[in-house]
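Have a look at the structure below before the remarks.
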Amino acid sequence: MTSTFLPDKRAGRGAGAPPPAADRRPPGRTRRRALHWLTAAGFQLPALVLFMGLVLLPMLFALYAAFFRWGGFGMPSDYIGGENFTRLLQDDVFLGDLWRCLVLVVLSLALQLPFALAMAVLLNQRMRGRAVYRMLFFAPYVLSEAITGILFGMIFAPDDGFADQVLGKVGLEGLGGEWFADPSTVMATVFLVMTWKYFGFHMMLYLAGLQAVPRELTEAALIDGASAWQRFRNVTLPLLAPTLRISVFLAVIGSIQLFDLVWVTTAGGPDHHSETMAVTMFQYGFKRYQVGYASAISVVMFGISLVFALAYQRFVLRRDLEGATTTMRGDGK
């Protein structure tokens, strides 16, 4: 009696039928795929090791040390729980740091970025010496923060500084004074130095974004009778929005983490009136050897930056990220 071939309905083919050609991968192809992944992992491994050793592990150790009373010598052993974080909420200096951080953020968004945008729009026009002006305005960003701080320390030196001498020459010596030493003017002076240092960077971002605005659209708006302001508001500004959002993000994060420029110019003085969270952290960690408390400050700084970054990405950069993902999928088809 001969057996009949019974089809296997679950598998979709006969029980004794050979697998289709798509299921039979040549051994050479599998080895090439494995070699490809091993090669990619080999190139990424050094970067991952450096990231873990220089970024991830120090962050985790700072979080661990924030729960100890620790002077920075030996391993932390005096566990105090959340006392360092409770102390932060009662520290007038740290609360002042939060307020000064908010002031710098607001001033950056209200003055520094609009000024950089105005200069970018101006230097995007056809004019003689445009490349020279771009280079001059971007040059301060190339200088290190230490050099910038020393330079403006000499410019705003009381009495014999360049700023006071210029004001004296034009009969406005009454406007001069102790720029970095006066509590009423120190934050304004620090922000002025910040603007000089960083506005060129944002200006170049905006210039790059303006280069991507199709000239045909502005020309069409001009033919339709739109004024310069209408063309900027209804054509240029919407197309520049992704660049503006990135610029705002960088400005806010930079204001939260500001350290070296303040440390070189004022070291947080006078009487903590220009101190930032990063300066306070440095003071406690490397001057007073209260590393546990300094670690708590660093954890709060990181938390504020992380929450802002996630919220900004979720609610502001969402359309840009979705557009980039859609473009990548379209290119891959």
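Here are some notes:
- Net length available on complete extension from residue 307 to residue 245 is 20.7 nm, with 0.36 nm assigned per residue and the Cα-Cα distance removed.
- When you restrict to C-alpha pairs under 8 Å that are six or more residues apart and normalise by the size of the chain, the relative contact order lands at 23 percent.
- Net charge over other residues, Cβ less than 15 angstrom from the Cβ of residue 123 (K, R count +1; D, E count -1): +4
- For the range 33-153, the solvent-accessible area works out to 67 Å² per residue, with a probe of 1.4 Å and every protein chain left in place.
- Under a Gaussian network description of the chain, with springs only between Cα atoms under 10 Å, the residue in 241, 40, 139 that fluctuates furthest is 40.
- Percent carbon-and-sulfur accessible area, the chain, ignoring ligands, DNA and RNA, probe 1.4 Å: 66
- Applying 1/(1 + (r/R0)^6) with r as the Cβ-Cβ distance of residue 127 and residue 85 and R0 = 56 angstrom yields a FRET efficiency of 0.55.
- Helical mean residue ellipticity (222 nm; -39500 (n - 2.57) per DSSP H run of 4+; nearest 500) of the chain: -20500 deg cm²/dmol
- Residues 231, 314, 319, ordered by accessible area of protein heavy atoms at a 1.4 angstrom probe radius and largest first, appear as 319, 314, 231.
- For the chain, the membrane-span-like helices by this rule, meaning whole DSSP H stretches whose C-alpha atoms cover at least 20 Å of axis and whose Kyte-Doolittle mean is 1.6 or above, are 92-107, 237-256; this says nothing about an actual membrane.
- Loop-located chymotrypsin sites (Phe, Trp or Tyr not before Pro) in the range 58-146 (DSSP state not H, G, I, E or B) with no more than 16 neighbouring Cβ atoms inside 10 Å: 73.
- Under a model in which nothing but the beta-carbon of Lys, Arg (+1) and Asp, Glu (-1) is charged, the chain shows a dipole of about 2600 debye around its Cα centre.
The values are calculated or read from the model by the stated rules, or taken from the named source; none is laboratory data. As the structure is a prediction and not an experimental result, all values here were calculated from the model. Glycine also receives a Cβ, built like all others from the backbone with ideal geometry; neighbour counts cover every protein chain displayed. Areas reflect the complete protein model, heavy atoms only, side chains present, ligands, DNA and RNA absent. Shrake-Rupley method; radii C 1.70, N 1.55, O 1.52, S 1.80 Å.
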